[in-house]
Amino acid sequence: MNRYPAWKYILILIVVGFSILYALPNVFGKNPAVQITASGGGQLTELAKFEVESALDEAKIGYQPVELVGGSLLVRLANEEIQLKAQDALKKALGKTMVVALNLAPATPQWLSWFGAEPMYLGLDLRGGVNFLLEVDMDTAVSNADERYISDIRTLLREQDIRYRTISRNERGGVLIRFRDQSQRSKAIALIESNYLELDVTELQDASGEFPALAKLTDASMKETRKSALQQNITTLRNRVNELGVAEPVIQQQGMDRIIVQLPGVQDTARAKEILGATATLEFRMVDQENDVQAAVDGKIPAGSRLYNTRDGIPLLIKRQVMLTGEYIIDAASGIDPTTGGPDVSITLDGRGERMFSQATAEQIGKNMAIIFIENKTETVEENGQQIKKKSVVEEVISNATIQSQLGKRFHITGLDSPQEARNLSLLLRAGALAAPVEIVEERTIGPSLGQENIRQGYNSVVVGFLLVLGFMFAYYRMFGLAANIALTLNLIMTVALLSILQATLTLPGIAGIVLTVGMAVDANVLIYERIREELRNGNSPQASIAAGYDKAFSSIFDSNITTLIAAVVLFGFGTGPVKGFAVTLSLGIACSMFTAITVTRAIINLMYGGRRVKALSI
């Protein structure tokens, strides 16, 4: 009686070995490191490695062998103080050609990496990470709305055969439309107001004999535009963070025009900053082949066109009229162009974008079309000993190709410099363009030293709670308590292993969940052992009491754990950030305790007492 078949013991041993293997990387921790990547998203080579080593040697900074990992360089250092010194030295030596970012590199031995065993992520309050405070450029959000109305109003007036002189954005906001006579202006105002209720159209006085009208957003519409821009930026940033693979980020609104982004345990802080701050979008325009490029270079740029330079430095005259923008892109994927073997990005448009682009390209077959990559950047420069933020708009012609046929819903962009650039561009387009540029007004890289006190206190709370439970169980239940203690230890190891396998983020509330689980994990054993003692008091034999104790206590154990698990699931569903971390550790702990408290303790008790005559139990 009370004997397990061999396969159950083998199963338990496999689970124990598996748990120890995947929990072990957390013992080794992580090393302070500096990560160097190419500023243009390219691949670094052995030459860059030599430059980094020379810069560190010149600054007399000790370091471990520099690693070339996935086209980036990783320099492991002894502590955080040396890490900061190394970052400053490398920034001065490498300049703007490379991005130098603080990082933490796992110190996991190679043999553990062969099994895919990695340490769990630690939250911003434990491990550190990056904290950004972003400010949304609301003036640009309103300006972008005006630009969209210019195109829409132009199309509307042409469809209704209403003649106008020019349509442009007014410097003080709104869309300025100039007409030849009063009748055309009156018709246009009535038409615009009936189609765009959010616009307020007024007649303006003009001494030059023209008849201008100004279409502006109403106060309510302008407020809604600003609010919408902020919410769209939050959604876009969340999509970009998801693409980066950051676990449990915090992205939330602060005030009317600011967004907080916390990225705990980011692996590549440089790329995170680049992706979050980028307002990348595309514009498709026709190349001006009617006018002389050289004359434009000499300063005689024709009206309606603009002079650009390609990445090769070749001047190119491009028409100002935009055929299509990135807001109509619903999907983008990087790949390899089968004809050239170079990197490309495949684009998919929505229904409206498809109709617009199909109509525009049908009229331009045989002519050249340029694709312009537009990105708003903000960088901090030092002038006269002061740090000054400078805004700049980078516009690059990434493609100049002849339209061979009418383009539709899907097409490809080629001419990119590297696969990394193709991946970054597809990520930005897929996650969506920001409704308005954002400026990083505050950036804090939170090192692990700031979380050491939290880690120490959290670790102490787990250890103290764990030892108190172990002491009580052994003192009160003797050998049965020892079996419960072994199961409790395994429960803790299994929880850590599952957190590591799932690459979940452990935060301070998550540690609280583990402490709570330590206490709750022995509840099942208390129920079982009290049932066994009750059976013994009723005069049952020791073997029958063990069997009855486990069988009769199971329903109570199952009910209590299920109700707690339901509460944890609700917390995870409705909570955010730290609350989710608490719910995750609590759920994993409950699931593990069901296995350890029932199966593992029963296996140990069976080994001690099963299959033989027993006069008394040490309980």
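No lab work stands behind these numbers, since they all come straight from the coordinates. In this text, all values refer to a predicted model and were calculated from it rather than measured experimentally. So basically every Cβ, Gly included, is an ideal-geometry build from the backbone, and we count neighbours across all protein chains shown.
Points worth noting:
- Entry note, the chain: relative contact order of 17 percent, from Cα contacts under 8 Å with a spacing of 6+ residues.
- Subset of Lys367/Lys409; Lys223/Lys409; Lys216/Lys319; Lys8/Lys552 violating a 23 Å alpha-carbon distance limit: Lys223/Lys409; Lys216/Lys319
- Segments 458-466, 210-218 sorted - mean Cβ within 10 Å per residue, highest first: 210-218, 458-466
- In the chain, the alpha-carbon atoms span a convex hull of 221 Å³ per residue.
- Kyte-Doolittle mean at least 1.0 and Cα axial length at least 27 Å: DSSP H helices in the chain: 452-501
- Here Lys49 is the anchor, and the aspartates and glutamates within straight C-alpha reach of less than 20 Å, apart from those fewer than 8 places off in the same chain, are Asp57, Glu58, Glu67, Asp88, Asp268.
- Rounded, prolate or oblate (a/c below 1.5 giving rounded, otherwise prolate when a/b exceeds b/c) for segment 118-256 by Cα gyration tensor: prolate
- Kirkwood-type radius of segment 280-415, with distances r between different C-alpha atoms, in Å: 16.5
- The aspartates and glutamates whose alpha-carbon is closer than 18 Å to the alpha-carbon of Lys580, local same-chain residues fewer than 8 away aside, are Asp125, Glu248.
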